[in-house]
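K.L.:
Here it is, the structure, as structure tokens.
The values are calculated or read from the model by the stated rules, or taken from the named source; none is laboratory data. Keep in mind that this is a model prediction, so the values were computed, not measured. All Cβ positions, even for glycine, are placed from backbone atoms using ideal geometry, and neighbour counts span all protein chains on display. What goes into the accessible areas is simple: the full protein's heavy atoms, side chains included, and nothing from ligands, DNA or RNA. Shrake-Rupley method; radii C 1.70, N 1.55, O 1.52, S 1.80 Å.
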Amino acid sequence: MANTPKESSARSRTVRPPFLLGRARRAGREAAYVALLRARELLRRQLAACHSPASPLRRGTYVAVRQVTRTLVNAVTDRQLGWMATLWRARWLEGTIYEISGWAYERGHDYAESPQVRVVLRRPGAEQVVEADVTPVHDVEINGTARDAEFDYANTGFVARMDLAPVLADPSTRAWQVHVEVTGPDGRTRRGTLNFRHQAGSAHILAARTFADATQLVPYWAPRRGLLLARTPRPVMAVSVGIERRTVEVGLALDGVVADRAELVSADARHPVGLAVADDGTARVRGEVPPRLLPQVYRIVVTDADGTKHVVGSQLPTGPVTVPDSGLVTYEDAGGHLCLRGGDAQLVVVDVTLEPGVEPRLRLDGTGGGDLEGVVVDLVGARQEIPVELSVHPDGTWIGTADLLQSRWGGPALLPRLGSYGLRARTVDGRAVPVLTALAVVARTPEKLDVPEARLRLEVGPDRGLLLRVAVTRGPDELGPFHQRRMDTAYREGVHPPERSVYLESFAGRLATCNPHAIDRVLAREHPGWTRYWGVTDLSVPVPEGAQPVVAGTQAWFDARARSRYVVVNDWLGRRFVPQPHQTVLQTWHGSMYKRIGLDRQDVRASTREAMQTERAKWDVLLSQNPESTRVFGSAYGWDGQVYEEGYPRNDLLLTGSGEEIRERLGVRPHQKAILYAPTWRDRGQDAAVLLDLDRLTTELGDDYLVLLRGHSRTVEQGGTVHHRGVLDVTTYPSITELFLAADAMITDYSSVMFDYSVTRRPMIFYLPDLDAYRDDARGVYFDLAEVAPGPVVRTQVEVVEAIRTMDDREPWAQRYASWRERFNALDDGHSAERVVRRLFADHPPGI
């Protein structure tokens, strides 16, 4: 008998799986979300096409549409458009008091005055809420994390303290969720959960707290739900720990558990350990950790008579436990479990303090175990390592000190480069020694270090490793998009009186080298009354003696760019630079060209073509090393303006300087031959250093050779320092010209250094394993290098070694070398910088 329509409908509703209904609802909400965003973007584009940027109608319409979109999306989905609520720090205080700090605001709204912030803790189904005691905070770092430039959000910070006694007393184990409510000066109230958190500190490593009844309060983070706290009973708790060499003994308190067996469990291994149960509800776990298990992190799992597994929690009154004669360490993880980690040695950081002064230092206090003799400790960043002087005491405690101002390559002591520096330790033979940060230190992070002219803070990574974060040096009124836009606007629209100064910049401020550096030397000698500003990315960049560094994005940087009579750069100035009526811009460029550039590239896009034309319009004079480069600039940039064809100032030193002192500084022994390996930047982003097998190369060459590895300036911020026997990574050495003087020969590929090193008349080897692909790709080249190269063109590692061993025989390449120098180096005579400066001041008189 056929079903009636009504029966069929009912049956279809009953057989549809519930999870499909949930999936359909979510899909519908997501579709609505996407549609609303597309509608808002379409309207924004239409408004942009119809109204000027300053139009009140355009601004008012867009704000209204944005608010409607946010309201609708937030109503039909669990997304929180426009809501920025960040957890910056979280820590336990006394007893059940839990403190969180961060900020909360709605993007696009003005918080010139501190908003009213309410923080509450709620559990679904519970009538009671936990109300936090909230203190407003003004924190300029908030602007540094802001995503938009509309308003100043520094007033939106808060510190909230919550008494979690109601959570501890709650019979339910369901999670309580943190909610934030912000009422702005305009009376508008916005509510939501915390939706972001800092990834390197206490907000990421959310520590549990154990209470007397073997119950833990465990904070944790859930995507789209934010910060939650749950009461978690722990029927098996560790109350004591003893370590003797590779043996660990743990005292346990059992709450209603009939323990049957115990084992050490890691992500990929299990190891049974002895279990002795007493009649008083306690037990002891004892076992030896086999050497094959040592490098891993283990938790103790107790299985009861019913087969239920219990991960052992920690109720230890102290922090991590180490002993001098053992490489084992026990500690509590963020979730409140007892962990065991082994190795030949261990270091635990239990305190960090800043020793301020003219030469600020970071002091680390800790405990350790195992063989710590000869252990080397560093703060390791990208292309820079800060040594930590380690002093180990007989009882296993240790003190480490690190100077925060570092001298590199014999230069002045400066702040470290921008980035994150992780605390790393290794034995004398290079094996890694684990370094753990105690939870007491984690709870302080992120923590600002008060060092003048620096933005430093302590952080902790997800693996509990200590980090030193070095951020760009900017003042409170210079941080973030809001203040950057404010200064940009004042710079573009303001009137700037000229001053007797020169603004110089190399490689967008990453270095203070190349042609501008050579010109600076002449300016200092021939125009000592002029101020020389150097634009730098940060204060780790050394500038010439007597010059003033100005950090990009600071008010001093804007002022120097606006007021200087002359601007001397070797790369694009970018969209933030606006030539002033009183300025002359000298573009020195940074090398003659083998690879096609600019409009000569076959793959140039219309947007790139427009950007090139905009950039070209900012230049007044273009410096060329040789006639070949002059022709290239004419086609690649459509340049028909003034050209100084005077050779390259940076090469003057190659004819007037000596490499002996530089070789000594680099550690090149008298009998060694220094081979500079300087590969170019590749558009594919490939790390050019991997093209040669450095281990194999140095092994075949032996101790009579030292390879000086020089990465391209664009790779300075990528990867770490290369450590190979027989290799010295000189990527961060300030001056490649000095490296030319120090090197007996050079290996390169397609880099423009080939047009500079030839000034020395020393051997060059061209290692081109991908010559055909590089020559024929979309970018293209200006000539066939294989036909004119002033040295051997090789494609294999074997050929590289052979070319190095026979490099003293220069006769086969003498004619090519002479032709090359005549073509590219005829004007490099040691006086290029002098001629350029004199022409610049003669053709474009200061007038001030």
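K.L.:
With a 1.4 Å probe and all protein chains in place, put HIS723, HIS337 in order of accessible area, largest first.
P.N.:
On the way: HIS723 125, HIS337 35 Å².
Result of the area sort, largest leading: HIS723, HIS337.
K.L.:
Further, regarding this structure: Just one of [x] 49, 35, 28; [y] 74, 39, 31; [z] 55, 39, 27 is semi-axes √(5λ) of the Cα gyration tensor in Å as worked out from the coordinates here. Which one is it?
P.N.:
Recomputing semi-axes √(5λ) of the Cα gyration tensor in Å here gives the entry labelled [z].
K.L.:
If you place +1 on the Cβ of every Lys and Arg and -1 on the Cβ of every Asp and Glu, how big does the dipole about the Cα centre of the stretch 304-344 come out, in debye to the nearest 20?
P.N.:
60 debye
K.L.:
So if each residue of separation counts as 0.36 nm, and I subtract the Cα-Cα distance between ARG485 and GLU181, what length gain in nm does that give?
P.N.:
106.6 nm
K.L.:
Could you compute the FRET efficiency for ASP268 and ALA440, with r as their C-beta to C-beta distance and R0 at 25 Å, rounded to 0.05?
P.N.:
Values: r = 30 Å, r/R0 = 1.21.
Taking R0 as 25 Å, the efficiency between ASP268 and ALA440 is 0.25.
K.L.:
Continuing with the same structure: Measure nothing fancy, just the Cα-based angle from helix 514-526's long axis to the longest principal axis of the chain, in degrees from 0 to 90, nearest 10.
P.N.:
Tilt relative to the chain: about 60 degrees.
K.L.:
Counting other Cβ atoms within 10 Å, which GluC sites (Glu not before Pro) in the stretch 439-474 have at most 12 and lie in a DSSP loop? Spell out each step's value before the answer.
P.N.:
On the way: sites: GLU447, GLU453, GLU459; in loops: GLU453.
For GluC sites (Glu not before Pro) across the stretch 439-474 that sit outside H, G, I, E and B with at most 12 neighbouring Cβ atoms in 10 Å, the list reads GLU453.
K.L.:
If we sort 309-316, 797-804 on the protection proxy, mean other Cβ atoms within 10 Å, highest first, what's the order?
P.N.:
Working: 309-316: 20.2, 797-804: 17.4.
In decreasing order of mean packing, 309-316, 797-804 become 309-316, 797-804.
K.L.:
Sticking with this one: Once the piece of chain linking GLU664 and ARG361 is laid out straight, how much longer is it, given 0.36 nm per residue of separation minus the C-alpha distance between them? Spell out each step's value before the answer.
P.N.:
Values: separation 303, 0.36 × 303 = 109.08 nm, distance 2.86 nm.
This chain segment gains 106.2 nm when fully extended.
K.L.:
Here's something else I'd like to know. Heavy atoms only, probe 1.4 angstrom, no DNA, RNA or ligands counted: give me PHE151, PHE633 ranked by accessible area, highest first.
P.N.:
PHE151, PHE633
K.L.:
Run the helix sum for the chain: -39,500 (n - 2.57) per DSSP H stretch of 4+ residues, divided by residue count, reported at 222 nm to the nearest 500 deg cm²/dmol. Numbers along the way, then the final one.
P.N.:
Details: 21 runs with 209 residues, N = 848.
Result for the chain: -7000 deg cm²/dmol, rounded to the nearest 500.
K.L.:
When the chain is fully extended, how far beyond the present Cα-Cα distance does ALA278 get from TYR220, taking 0.36 nm per residue of separation?
P.N.:
Working: separation 58, 0.36 × 58 = 20.88 nm, distance 3.45 nm.
Length difference between fully extended and current span is 17.4 nm.
K.L.:
Got a sec? Charge dipole of the chain, +1 on Cβ for Lys and Arg, -1 for Asp and Glu; which of TRP221, MET754, SER202 is way out at the positive end?
P.N.:
Positive-most Cα among the choices belongs to TRP221.
K.L.:
Take each of the peptides 376-388, 812-824, 504-516, 137-149, average the number of other beta-carbon atoms within 10 Å over its residues, and list them starting from the highest.
P.N.:
Values: 376-388: 19.1, 812-824: 14.6, 504-516: 24.3, 137-149: 17.5.
The densest-packed peptide leads the list: 504-516, 376-388, 137-149, 812-824.
K.L.:
Given labels modelled 7 Å from the Cα in the Cβ direction, how far is it in nm from GLN555 to ASP695?
P.N.:
Going from the GLN555 label point to the ASP695 one covers 5.4 nm.
K.L.:
In square angstrom, rounded to the nearest 10, how much accessible surface does ARG188 have for a 1.4 Å probe?
P.N.:
Its heavy atoms expose roughly 80 Å² to the probe.
K.L.:
Just to verify a number: FRET efficiency for ARG810 and ASP477, C-beta to C-beta distance, R0 = 60 Å, to 0.05? Mind dumping the intermediate values first?
P.N.:
Numbers: r = 60 Å, r/R0 = 1.00.
According to the calculation, E is roughly 0.50.
K.L.:
Using a 1.4 Å probe and ignoring any ligands, DNA or RNA, find the accessible area of THR247 and quote it in Å² to the nearest 10.
P.N.:
Here the residue's solvent-accessible area equals roughly 30 Å².
K.L.:
Can you tell me the orientation of helix 56-76 relative to the chain, as the angle in degrees between its alpha-carbon axis and the longest Cα principal axis, to the nearest 10?
P.N.:
So the inclination is approximately 40 degrees.
K.L.:
Here is a follow-up. Once you put a point 7 Å from the Cα of ASP776 and another 7 Å from the Cα of TRP409, both along the Cβ direction, what distance in nm separates them?
P.N.:
Here the modelled spin labels are 3.8 nm apart.
K.L.:
At 1.4 Å probe size, with every protein chain present, just tell me what the per residue accessible area of the chain comes to in Å². Before the final figure, lay out each step's value.
P.N.:
Numbers: 38020 Å² over 848 residues.
For the chain, the solvent-accessible area averages 45 Å² per residue.
K.L.:
Give me the distance in nm between label points sitting 7 Å out from Cα along the Cα-to-Cβ direction at THR614 and ASP395, one decimal.
P.N.:
Reported label-point gap for THR614 and ASP395 is 6.5 nm.
K.L.:
Same structure again: Quick one: Cα centre-to-centre distance for the stretch 254-317 and the stretch 424-492, in angstrom?
P.N.:
That distance is 38 Å.
K.L.:
In addition: Applying 1/(1 + (r/R0)^6) with R0 = 22 Å to the Cβ-Cβ distance of GLN548 and VAL495, what FRET efficiency is obtained, to the nearest 0.05? Walk me through the numbers before you get to the answer.
P.N.:
Working: r = 23 Å, r/R0 = 1.04.
That pair, GLN548 with VAL495, gives E of 0.45.
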